[in-house]
Every structure is written in C-alpha cells, then in structure tokens.
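The values are calculated or read from the model by the stated rules, or taken from the named source; none is laboratory data. Worth saying up front: this structure is predicted, and the values here are computed from it rather than measured. Note that we place each Cβ from the backbone using ideal geometry, even for glycine, and neighbour counts take in every protein chain shown. For the accessible areas, the whole protein counts, side chains as well, though only heavy atoms, and no ligand, DNA or RNA atoms are used. Shrake-Rupley method; radii C 1.70, N 1.55, O 1.52, S 1.80 Å.
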Amino acid sequence: MLKVVSIFYIGNKVECPVCNAHFRKFLPYGRQSRENALCPNCLALERHRLMYLFLKNKTNFFTDKLKVLHVAPEICFIEAFEKLHKDDYITADIESPLAKVKMDIHQVPFDDNTFDVAFCNHVMEHVDSDLKAMSELHRVLKPGGWAIIQVPFFYPLEEKTVEDITITDPKERCRRFGQDDHVRKYGKDYAERLASAGFTVDANDYVKELPGDVVTRYALPKDETIFFCKKA
C-alpha cells in the first residue's frame, strides 16, 4: 500500500539515507501526527535516519566485521544490516515474527562477551526492569563492545525517571508515562541508569554537528540524543 502512496510523493526535496530513496516529502506519522516523518519506501522514521547516519559516520559498524545483537529490530534496518553482517547479525524479540530469536530481554540467552554491538531502541520503557535489561545487554557485549539504547522522552523532562509497573490501566499509563503500553517515563537521569548497568555513556547530540541543510534534507529530529554505551 505504501509503495502505491509513494508514487504521490515523488520528488527530490528529501532523501532517506537508509534506503537512498528521494521524495518531495516524507509521510506524516505518530499518535500525534508529525509531518515529514516516515519514509514510504523503507519505513524509516526521523530517529532511524539519524541513527543510520551516526553509525555510518561515527562508528565502525559499516567497516568492520562485527557480531551484532538487535533487540526489537526495526524493519527499516533488517535487510541492510543482515546483508552487511550476514549470520553474525542476530535479531531478537519476545514476540515479533521479524526476529530470528525469541527472547526475554531480562534473560538474554547468550553467553557473556558474545557480541561486538547491540541495538535496543524504544524497548526499555515497556519492560518490567529496565536496569536488569540494561545489565543483560552489558553482560553479552565483549569488552570494548558498544550499544545504542534509545528511549522516548516526553518534555519537559522530569529530574528522575518515573515508573510503576503495577499501573495497568491504559488511560492512567498514558497520563503518567506518555503512552498506554509504557511502564515508566524517563527523566534527566537516563544516562545514569545506563551507567549503573556498567556502561560508559556518551549522550551524543550528533544532530547538532550537522549542517542545517543536511538536517532538512534527511528530515532529522532536532532534539534526539544518541545514547552511545560502551563496555570497558
């Protein structure tokens, strides 16, 4: 269906770095609809496009042979990452049919020091214990390995993360945590929570390094910090 819709968006004002497709604009997307957000070709959102550029320009992801764990894999990345890292690219999820491995992130079924890289985006706000999940990702990374672990933020940010897994009413969850399937709302202490799992955390504002015309061309988010987490 989106392939058909994309015909009406043919143009050259915006470009998706993930799939290299060009359009006059991206599709609107979100519970509170955001204009110019979704690539109709590969389904990359603003944050996915930013992460792709960060991986390409700031990491060894596209240059080195790496063993990669991708939790809750985003559909826009799967084909490209699998082509790049082949059998060393492992997707995992507790329920998604897109993933190779069925996995509870509280109990990652891999040995210590297995992976060079881990991705886990927009997962921690859903799980019973984010600190346990973060610790598990740290455990399965090799020394010197790194992870990108993103979560949504709702502004203005609280000083401390607010959480309560006992709240099950969707309306109350939405009011307290920003969405009806969230069990916590992250505050300014998010990097500290990652660090408590053993990571050295670089809260990287990469988008601010980019020229304005690049941000516009790729329709990047202006307030997305990339949490680049390294295992010593």
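Checked against the criteria, ILE75 counts as touching a Leu at 6+ places or on another chain (Cβ under 6 Å) and surrounded by fewer than 16 Cβ atoms within 10 Å (Cβ to Cβ). Of the set (1) touching a Gly at 6+ places or on another chain (Cβ under 8 Å); (2) over 26 Å from ASN204 (Cα atoms), all apply to PHE154 but (2).
Of all residues in the stretch 197-214, exactly one satisfies the criterion of being surrounded by 13 or more Cβ atoms within 10 Å (Cβ to Cβ), more than 18 Å from the chain's Cα centre (by Cα) and either in a helix (DSSP H, G or I) or free of Cβ contacts under 8 Å to residues at least 40 places away in the same chain (or both), namely VAL214.
Looking only at the stretch 59-70, decide whether some residue is touching a strand residue (DSSP E or B) at 6+ places or on another chain (Cβ under 7 Å), free of Cβ contacts under 8 Å to residues at least 40 places away in the same chain, open to solvent by 10 Å² or more (accessible area, probe 1.4 Å) and not basic (Lys, Arg).
Looking for residues that are touching a strand residue (DSSP E or B) at 6+ places or on another chain (Cβ under 7 Å), free of Cβ contacts under 8 Å to residues at least 40 places away in the same chain, open to solvent by 10 Å² or more (accessible area, probe 1.4 Å) and not basic (Lys, Arg), one finds none in the stretch 59-70, hence no.
Pairing each residue of the stretch 15-41 that is of a type in the set (Phe, Trp, Tyr) with any residue that is modelled with pLDDT of 95 or more and not in a loop (DSSP other than H, G, I, E, B), provided the two are 6+ apart or on different chains, yields C-beta distances under 6 Å for PHE23/VAL14; PHE26/VAL14; PHE26/ASN36; PHE26/ALA37; PHE26/LEU38; TYR29/ALA37; TYR29/LEU38.
Just checking, which of SER33, SER96 is touching a Pro at 6+ places or on another chain (Cβ under 9 Å), among the hydroxyl-bearing types (Ser, Thr, Tyr) and open to solvent by 30 Å² or more (accessible area, probe 1.4 Å)?
On the way: SER33 fails: touching a Pro at 6+ places or on another chain (Cβ under 9 Å).
None of the other options fit; the residue is SER96.
Please verify whether LYS83 is among the basic types (Lys, Arg), free of Cβ contacts under 8 Å to residues at least 12 places away in the same chain and under 30 Å from CYS174 (Cβ atoms), treating the condition exactly as stated. In short, no. Could you list, in sequence order, all residues of the stretch 181-196 that are small (Gly, Ala, Ser) and either more than 16 Å from the chain's Cα centre (by Cα) or buried (at least 17 other Cβ atoms within 10 Å of the Cβ) (or both)? Answer for the stretch 181-196, where residues must be small (Gly, Ala, Ser) and either more than 16 Å from the chain's Cα centre (by Cα) or buried (at least 17 other Cβ atoms within 10 Å of the Cβ) (or both): GLY187, ALA195, SER196.
Here's the yes/no breakdown for (1) of a type in the set (Gly, Ala, Ser); (2) under 20 Å from THR225 (Cα atoms); (3) modelled with pLDDT under 95:
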| site | (1), (2), (3) |
| --- | --- |
| SER96 | yes, no, yes |
| ASP111 | no, no, no |
| VAL117 | no, yes, no |
| VAL123 | no, yes, no |
| LYS142 | no, no, no |
| ALA147 | yes, yes, no |
| TYR155 | no, yes, yes |
| LYS160 | no, yes, no |
| LYS171 | no, no, no |
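Per-residue answers, yes or no, for (1) open to solvent by less than 50 Å² (accessible area, probe 1.4 Å); (2) touching an Asp or Glu at 6+ places or on another chain (Cβ under 6 Å); (3) among the acidic types (Asp, Glu):
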| position | (1), (2), (3) |
| --- | --- |
| GLN107 | no, no, no |
| ASP111 | no, no, yes |
| HIS138 | yes, no, no |
| LEU141 | yes, no, no |
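Selection of the stretch 19-41 for residues being assigned to a loop (DSSP other than H, G, I, E, B) and aliphatic (A, V, I, L, M) yields only ALA21.
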